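As structure tokens, the structure follows; a few thoughts come after it.
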Amino acid sequence: SMSTKGEAFAGLSVAITTPFRDGEIDFAKLREQVEFQIAAGTVCVCPAGTTGESPTLTHEENERLVAEVVQIARGRIKVMAGTGSNSTAEALRMSRRAEKDGADALLVVAPYYNKPTQEGFYQHYKALAEAVGLPICVYNIPGRTGKNIEPETIVRMAELPNIALVKEATGLMDQASQITSATNLTVLSGDDSLTLPLLAIFIGRLFLLV
């Protein structure tokens, strides 16, 4: 079988919202959301992703949210914590904290707004991969961050042991297929309209292997 890094996270990962009431995180509603996903048989929940409004959470809220979701999950569902930042130091701090609080993996968005060079992207993820022991999912969403992490850069990153997954939200089919053919990363589709065409690529590869 073709095993990939991060394959434990293959399947459905759900980016959950961050419910608020009167300006504060609504932890009762959060518990309902996580329990709903567990009951549905979802593989993994992602707190503090784009859907969880990570750009508007304070770092303290981000950390508390992740810790709370881990507590609610109690190992019944995987938790991939959003710990990305456009500051490497902040991403390091939140990633170490999420690891300490018991997250299973980290969802790390490309540094946004800064528009780093490809080398800058590589060094950002390398610093994180060397600082924590958790699998890291590189979240590439140039429509929001302002710059694409090129496939060649992701191929370089894939050599780092803890870089295990890539969430591809570029909308570029050939970019996703380049990554799947050149690395052993698990590719998560960040763009639902691409899931079926991507599946066709995977099935096509399997037919070729048979």
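Remark: the chain is approximated by an ellipsoid whose semi-axes, taken from the C-alpha gyration tensor as √(5λ), come to 27, 20, 15 Å, largest first.
Counting only protein heavy atoms and a probe of 1.4 Å, the accessible surface of segment 1-122 is 50% carbon and sulfur.
Where a ≥ b ≥ c are the square roots of the eigenvalues of the C-alpha gyration tensor, would you call segment 1-94 rounded, which needs a/c under 1.5, or, failing that, prolate if a/b is larger than b/c, or oblate? Because a/c hits 1.5 or more and a/b fails to exceed b/c, segment 1-94 counts as oblate. For segment 113-186, dividing the convex hull volume of the Cα atoms by the residue count gives 79 Å³ per residue.
Counting only protein heavy atoms and using a 1.4 Å probe, the accessible area of His59 comes to about 70 Å². Surface exposure of the chain, expressed per residue as accessible area with a 1.4 Å probe, stands at 49 Å². Residue by residue, segment 23-31 carries 3J(HN,Hα) couplings of x, 10, 4, 8, 6, 5, 5, 4, 4 Hz when phi is fed to the Karplus relation 6.51 cos²θ - 1.76 cosθ + 1.60 (θ = phi - 60°); x denotes Gly or Pro.
Taking every DSSP bridge with both residues inside the chain, close to 10 percent are antiparallel. Taking the chain as the reference, fit the longest principal axis to its C-alpha atoms, fit the long axis of helix 173-182 to the helix C-alpha atoms, and give the angle between the two in degrees, 0 to 90, nearest 10. On a 0 to 90 degree scale, this one is about 80. What is the helix-to-structure angle for 118-131, meaning the angle in degrees between its Cα long axis and the longest Cα principal axis of the chain, kept from 0 to 90 and rounded to the nearest 10? So the inclination is approximately 60 degrees.
Sparsely packed loop sites in segment 64-166 (the GluC sites (Glu not before Pro) outside DSSP H, G, I, E and B with at most 16 other Cβ atoms within 10 Å) comprise Glu159.
Taking every alpha-carbon pair under 8 Å whose residues sit at least 6 apart, segment 92-183 reaches a relative contact order of 30 percent. Across the chain, how many lysine pairs separated by 8 or more positions, or lying on different chains, have Cα atoms within less than 28 Å? Summing the qualifying lysine pairs gives 20. In the context of the full protein assembly, Arg76 retains an accessible surface of approximately 100 Å², using a probe radius of 1.4 Å and ignoring ligands and nucleic acids.
Using just its DSSP H runs of length 4 or more, each adding -39500 (n - 2.57), the chain gives a mean residue ellipticity at 222 nm of -13500 deg cm²/dmol after division by all residues.
The values are calculated or read from the model by the stated rules, or taken from the named source; none is laboratory data. The shown structure was predicted, so the numbers you read here are calculated from the model rather than taken from an experiment. Neighbour counts are summed over all protein chains in view; Cβ atoms, including those assigned to glycine, are modelled from backbone coordinates with ideal geometry. The protein model used for the area step is the full one, side chains on, heavy atoms only, and it has no ligands, DNA or RNA in it. Shrake-Rupley method; radii C 1.70, N 1.55, O 1.52, S 1.80 Å.
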